[in-house]
1. Just give me the residues in the stretch 83-95 being touching a helix residue (DSSP H, G or I) at 6+ places or on another chain (Cβ under 8 Å) and either surrounded by fewer than 20 Cβ atoms within 10 Å (Cβ to Cβ) or not small (Gly, Ala, Ser) (or both), in sequence order.
2. Tell me the residue from Leu212, Leu196, Leu242, Leu231 that is closer than 18 Å to Val179 by Cβ and surrounded by fewer than 18 Cβ atoms within 10 Å (Cβ to Cβ), please.
3. Considering the stretch 96-128 alone, what residues qualify as being assigned to a loop (DSSP other than H, G, I, E, B), surrounded by fewer than 24 Cβ atoms within 10 Å (Cβ to Cβ) and without any contact (Cβ under 8 Å) to a residue 60 or more places away in the chain?
4. Suppose the filter is part of a loop (DSSP other than H, G, I, E, B), modelled with pLDDT of 95 or more and of a type outside the set (A, V, I, L, M); does Gly302 pass it?
5. Using the structure shown, decide if Lys280 is crowded, with 16+ Cβ neighbours inside 10 Å, out of contact with any helix residue (DSSP H, G or I) (no Cβ under 7 Å at 6 or more places or on another chain), over 30 Å from Tyr98 (Cβ atoms) and of a type in the set (Lys, Arg).
6. Residues to consider are Leu322, Leu328, Leu288; find the one that is assigned to a loop (DSSP other than H, G, I, E, B), at pLDDT 95 or above and out of contact with any helix residue (DSSP H, G or I) (no Cβ under 8 Å at 6 or more places or on another chain).
7. For the stretch 129-228, which strands (runs of 3 or more DSSP E) that fit wholly inside it have 3 or more residues that are more than 22 Å from Glu251 (Cα to Cα)?
8. Got at least one residue in the stretch 168-185 being crowded, with 24+ Cβ neighbours inside 10 Å, out of contact with any Cys (no Cβ under 8 Å at 6 or more places or on another chain) and of a type in the set (Val, Ile, Thr)?
Amino acid sequence: MGRPTVPGRPVLTNPEILEQIQALLEEPGEDLQRLLLKEMVVGVLKLKDSHLDTLDLKILNRTLKELRYALKVFRPYRNRPKVSIFGSARTQSDDPNYQLAFRFARRVVERGYMVITGGADGIMGASQQGAGKENSFGVNIMLPFEQGPNAVIAEDPKLINFKYFFTRKLIFQKESHAVAMFPGGFGTHDEGFEVLTLAQTGKSNPQPIVCLQAPGCDYWDRWNSFFSDQLLSRGLINAEDLSLFRIVDSEDAAVEEIETFYRTYHSIRFVDRYLSVRLKHPLSDAHLKQINAEFGDLLANGSFEQRGPLPDELSEPELKDLPRLVFLYNRRSAGRLRQLIDRINADASPPGRTAQVERPQV
């Protein structure tokens, strides 16, 4: 008998599986990657005694496959900054928002970014036309209608097809350095509110979130009015939460918002109770004094200190020469943290280049 197969690929035999597990267990050293792989293998073995339904196992199996494949596709491009773009698949080519998406994507690619879209037509297709196939990722969701891949990305190896929305949204968030939202329906709001929720709760790293609408379109203005009239007035959000996003009506303003965010700010890393804000260049003494005067409400104790890397950050040698703004962060308001980043970027020192941004690895 030949090797067992599933459509498109061979399946490992039992002896081959045992051989690979044995090799993993016998490799010298106990680095974190090996420990995590061993823990995952043990986790799979525990499923045998969990007596889960077949559907539960199918969900677990498909989730791991989708994430493994998606991470593999993105890995060669990990040092290229990326913008996730959300918007309706139904937007037609004569719509000003379609044309705005095309121009925006073309501009961000000129600035060194790649784009990630849902891979369908409408705003997504316009964005990938503007960016070009070589600078595009498509993270498509399998639906019975409306969501086939657009012509730009259809045959590209950077097109990934997801069954589950949650794995797809994880990739949108994890791989992006900025988010651009165009007018859209339930799907756009689902993706946008996911991004905002993660930002508000501090479950994602800070990044610019830009809502684009063509001149004369009031889509995001009305959306923002609902926030103010209903959520803010009822105390369901805080005023500083409105700092997590910006509404603009041109590609120039959107690109400026993204580039300004990374003008001085580089990235963050938590080290125990300390937050280390990595900077592209040092802050002036006057600017540091201003920050201490304005943002004391973010401190659990002490003050903002400008210094080199904390000891735990030496595991990232490529970032060791960046100055840091380090403080005991009380984690009470991501909106205020965003305002702090805006204040950092208002420093008059020479700006850095956006395209060199790298996000800390989770």
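The values are calculated or read from the model by the stated rules, or taken from the named source; none is laboratory data. All figures in this text were calculated on a predicted structure; none of them were measured in a lab. Don't worry about glycine lacking a Cβ; one is built from the backbone with ideal geometry, like all the others, and counts go over all protein chains shown.
1. So the first thing to find is which residues in the stretch 83-95 are touching a helix residue (DSSP H, G or I) at 6+ places or on another chain (Cβ under 8 Å), and the list is 83-89, 91-93.
Of everything in the stretch 83-95, those that are touching a helix residue (DSSP H, G or I) at 6+ places or on another chain (Cβ under 8 Å) and either surrounded by fewer than 20 Cβ atoms within 10 Å (Cβ to Cβ) or not small (Gly, Ala, Ser) (or both) turn out to be Val83, Ile85, Phe86, Thr91, Gln92, Ser93.
2. Numbers: Leu212 fails: surrounded by fewer than 18 Cβ atoms within 10 Å (Cβ to Cβ); Leu196 fails: surrounded by fewer than 18 Cβ atoms within 10 Å (Cβ to Cβ); Leu231 fails: closer than 18 Å to Val179 by Cβ.
None of the others qualify; the one that does is Leu242.
3. First, pick out the residues of the stretch 96-128 that are assigned to a loop (DSSP other than H, G, I, E, B): 111-113, 118-122.
Narrowing the set further to residues that are surrounded by fewer than 24 Cβ atoms within 10 Å (Cβ to Cβ) leaves 111-112, 121.
Selection gives Asp121 alone.
4. Values: part of a loop (DSSP other than H, G, I, E, B): no; modelled with pLDDT of 95 or more: yes; of a type outside the set (A, V, I, L, M): yes.
Against the criterion (part of a loop (DSSP other than H, G, I, E, B), modelled with pLDDT of 95 or more and of a type outside the set (A, V, I, L, M)), Gly302 does not qualify.
5. Judged against the criteria, Lys280 is a match.
6. Values: Leu328 fails: assigned to a loop (DSSP other than H, G, I, E, B); Leu288 fails: assigned to a loop (DSSP other than H, G, I, E, B).
Matching residue, one of Leu322, Leu328, Leu288: Leu322.
7. Values: elements: 136-141, 159-162, 178-181, 209-212.
Hits in the stretch 129-228: 136-141, 159-162.
8. The answer is yes; a qualifying residue exists.
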